[in-house]
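Derivation of every value follows stated rules applied to the coordinates shown; laboratory data play no part. Here the structure is a predicted model, which is why all the values come from computation and not from measurement. Every residue, glycine among them, receives a Cβ derived from its backbone with ideal geometry; neighbour counts consider all protein chains shown.
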Amino acid sequence: MKRLNLAILISGRGSNMAALLKAAAAPDYPARPVLVLSNRPDALGLETALAAGVQAVAVDHKPFGKDREAFERAMDTALVGAGTQIIALAGFMRVLTPWFVEKWQGRMINIHPSLLPKYKGLDTHQRALDAGETEVGATVHWVSPGVDDGEIIQQASLPILPGDTADTLAARLLPLEHALYPEALARACTRIAQAD
Ligand code: GRF
């Protein structure tokens, strides 16, 4: 299968990004990283990407103020310039406008730390604990105009144990996310390749 040019969007430490880069180091993985982009210039993940030999840039959202679309046009220029064919959001903490989502629809996926459709948005684990759930999880999904709303590609789950807090759940879930995301991205690539 032809490898799709992959861009990964981050805002922070980028551990999911690192898991994707590691998987994509295999020559038969269906995506080839061409760009890591952060909206925060101080994101730790930028250094990790550079150390892995991947082009890494910051497009700071702050100078754009409230003009989200202007920020996204700057991101889009970098993405198109790198030849991006699929985008993976990995801890990217900006809500995207319909303009950007529609432009990349069918070519953009996200990892969210809940068993969607439950607990869209923030504080997912605390909300699951408060609701008396017995499990938490993570979901990789296609990005659609609604926040955390697109078609589900793949999920992983974890039982809630006595004494668990939002922090212990996040820590136990992270290795599952790192296994889930590369698998789900590979599935997404297969879907795009079939459609192309
Ligand atoms: C992960 O929990 C992911 O599910 C969520 O944001 C977190 C990002 O962590 N979307 P990292 O930057 O990948 O380490």
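Inside segment 147-168, residues that are away from the ligand (no atom under 16 Å from the Cβ) and not acidic (Asp, Glu) make up a count of 5.
Restricting the search to segment 100-123, which residues are under 18 Å from residue 7 (Cα atoms) and not acidic (Asp, Glu)?
Of segment 100-123, the ones under 18 Å from residue 7 (Cα atoms) are 100-112.
Within segment 100-123, 100, 101, 103, 104, 105, 106, 107, 108, 109, 110, 111, 112 qualify.
Of all residues in segment 143-171, those being in contact with a strand residue (DSSP E or B) (Cβ under 6 Å, 6 or more places away or on another chain) and outside any loop (DSSP other than H, G, I, E, B) number 9.
For segment 1-109, please list each of the helices (runs of 4 or more DSSP H) lying entirely inside it that holds at least 2 residues being within 16 Å of the ligand (Cβ to nearest atom) and surrounded by 15 or more Cβ atoms within 10 Å (Cβ to Cβ).
On the way: elements: 15-24, 44-51, 68-81, 98-104.
By residue number, 15-24, 44-51.
Return yes when residue 137 is small (Gly, Ala, Ser), within 16 Å of the ligand (Cβ to nearest atom) and in a loop (DSSP other than H, G, I, E, B) and no when it is not. Break it down stepwise before answering.
Working: small (Gly, Ala, Ser): yes; within 16 Å of the ligand (Cβ to nearest atom): yes; in a loop (DSSP other than H, G, I, E, B): no.
Here the answer is no, as residue 137 does not meet what is asked.
Can residue 171 be described as within 12 Å of the ligand (Cβ to nearest atom), loosely packed, with under 13 Cβ neighbours inside 10 Å and of a type in the set (A, V, I, L, M, F, W, C)? The answer is yes for residue 171.
Only one of the numbered conditions (1) without any contact (Cβ under 8 Å) to a residue 24 or more places away in the chain; (2) closer than 23 Å to residue 12 by Cβ; (3) touching a helix residue (DSSP H, G or I) at 6+ places or on another chain (Cβ under 8 Å); (4) more than 12 Å from the ligand (Cβ to nearest atom) is violated by residue 118, and that is (2). Taking segment 114-134 as the range and being buried (at least 17 other Cβ atoms within 10 Å of the Cβ) and in a helix (DSSP H, G or I) as the test, the residues that pass are 124, 125, 127, 128.
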